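Just so it is clear, none of the values below were taken in a lab; they were calculated from the coordinates. Not measured: the values here are computed from a predicted model. Don't worry about glycine lacking a Cβ; one is built from the backbone with ideal geometry, like all the others, and counts go over all protein chains shown.
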There are 2 protein chains.
Amino acid sequence: MIRVLLVHDVRILRCALAALVGREPDMAIEAAPAKDAMRLVRTLTADVCVVDADVTKRSPLDELAGFSRTGAARTADAAQRLLVLVSQHCPGALRRALDVGARGFVCKDALPEQLVTGIRRVAAGERFVDNALAGTFLRASEVPLSERELTVLSAAAEGASVGEIARHLGLSTGTVRNYMSAITRKTGARNRVDAIRISQGAGWL
Amino acid sequence: MIRVLLVHDVRILRCALAALVGREPDMAIEAAPAKDAMRLVRTLTADVCVVDADVTKRSPLDELAGFSRTGAARTADAAQRLLVLVSQHCPGALRRALDVGARGFVCKDALPEQLVTGIRRVAAGERFVDNALAGTFLRASEVPLSERELTVLSAAAEGASVGEIARHLGLSTGTVRNYMSAITRKTGARNRVDAIRISQGAGWL
């Protein structure tokens, strides 16, 4: 039996994914929201952990990433069992999954067979990459913004003013404005709001 | 047999919901993305149409709403077969579903049994409201922004500048600024970006 842990924060979708994968006679399913996933990954020893990575805000991946950064022998193991579901138009989510060390990548517009194949491959200790994600991988390799720029833009997206961002990061307001100009230019946006929209859509924020 | 049409734009989730509902022996499932849903609603005569309404951008509901506004005898029928899945924290999506005339409302954090019960009720010509959505209904009744304010804020969220919005709507820039101030005040936001964030989160945009 392949033991599969499905992580999704919306219960009806989590149960639906469990119903889908649970049709395979050789797969035993456990489903959980992201907040419980870490505990389950520790205790349940699933063979494959399937995570819907395509969310614009804090992703369950960040939880799992934090988990795999703790350095325990067990945690490297956790990333090696990770299979993520990502949208083609969301290179940022794919990038986070890559950074965490995920082994399987399935497009959210794939047929169920693709997901099931991916689960079997990752369970067998192999890598699995959905062909439909080739272009997304390419865009995921070119992060348009620096860490600092992402920090500034995240704060702006949360509604912080230039003054608040400056105080919070210990910068002058002029420097924050310079960051915002660079961000707007690099994302090809018309203005700050447009830069937030573009970056959230691509999953960078 | 109850014929169920499942509408979701993400294929793997659409297939997953189909697997979930398809476990019921008396339900026959068809699943489609929103762009095909209208055609299917016309031709397929499903007994119940289940739509994931909880999206911040253009919802499939708008398609179906347009459909039910065409005035044909058949269309009133369409809304009467509509069951929506909505998040508790998204009164805007609930409001759109109410405005379209949906008959069933199931919380996305419900157990599958709740969805199946809702489908049976709507198929039987009854209304169905998930108790978990009581608070969301309350908030859905108090739309905080006027139609005009929503138009202005939508344009701003798409990255349009005050000048562009003014030109597009045939207003002075001063009037657009007044609208933005009113919007910021009414949503309890700190500034324009914050107002967009709050309104998108609640599903008003």
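General remarks:
- In nanometers and ordered shortest first, the copy-to-copy spacing of the A:GLY170 label point, defined 7 Å from Cα toward Cβ, is 5.5.
- At 7 Å out from Cα toward Cβ: A:ALA182 inter-copy label distances (nm, ascending): 4.0
- Anisotropy class of the protein assembly as shown from Cα gyration tensor, a/c 1.5 cut: oblate
- Between A:LYS108 and A:VAL86, A:SER87, A:GLN88, the built amide H atoms are under 5 Å apart, and every one of these is 5 or more places off in sequence or on another chain.
- Percentage relative contact order, region A:147-201, counting C-alpha pairs under 8 Å, at least six apart: 28
- Using the Cβ-Cβ distance between B:GLU113 and B:THR175 with R0 set to 41 Å, the FRET efficiency works out to roughly 0.20.
- Across chain A, the relative contact order, built from alpha-carbon pairs under 8 Å that are at least six residues apart, equals 17 percent.
- With a Cα cut-off of under 25 Å and a minimum spacing of 8 residues unless on different chains, the lysine pairs in the protein assembly as shown number 16.
- Summed over qualifying helices (DSSP H, 4 residues or more, each -39500 (n - 2.57)) and divided by its residue number, the protein assembly as shown shows a 222 nm mean residue ellipticity of -16000 deg cm²/dmol.
- Between region B:118-155 and region B:94-108, the alpha-carbon centres lie 5 Å apart.
- Anisotropy class of chain A from Cα gyration tensor, a/c 1.5 cut: prolate
- Placing dummy labels 7 Å off each Cα toward the beta-carbon, the span from A:MET1 to A:LYS186 is 4.8 nm.
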